[in-house]
Amino acid sequence: MRERQRKISLAVLLCVAVIAAIAISFSMASTAEAGTAESSRYKYYTSIQVEPGSSLWDIAEKYASSEYESLEAYIREVRRINHLDGDTIYAGSYLCIPYYSSAYK
């Protein structure tokens, strides 16, 4: 009986050690990524006034960054945020636009 308890205790200890090793490896992977440029970029929003002659493409070319798969993806997000049904924007109106920065604000 005592031998069985010892084996069970050893099995439990082994499971705890494996779980701890997995947790430490995930923690180390997260720490290693923390120093990369990609992981230290923060998403923000700002308001811009639409200039005469501007289009959503012009805005996307100025503000979209590598976090977006394409200018189209950025424009889709701008349209969604601003509840736009189409690509038409008007000079003098304001748009809320997303942008990424490495500065934590």
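Only the coordinates and a few stated rules stand behind these numbers; no lab work does. Keep in mind that this is a model prediction, so the values were computed, not measured. All Cβ positions, even for glycine, are placed from backbone atoms using ideal geometry, and neighbour counts span all protein chains on display.
Odds and ends about this structure:
- Distance between modelled label sites at Ser93 and Glu3, nm, 7 Å Cα→Cβ extension: 8.2 nm
- Where GluC sites (Glu not before Pro) fall in DSSP loop in region 41-105, at most 11 other Cβ within 10 Å: Glu69
- For region 48-105, convex hull of alpha carbons as volume per residue, Å³: 87 Å³
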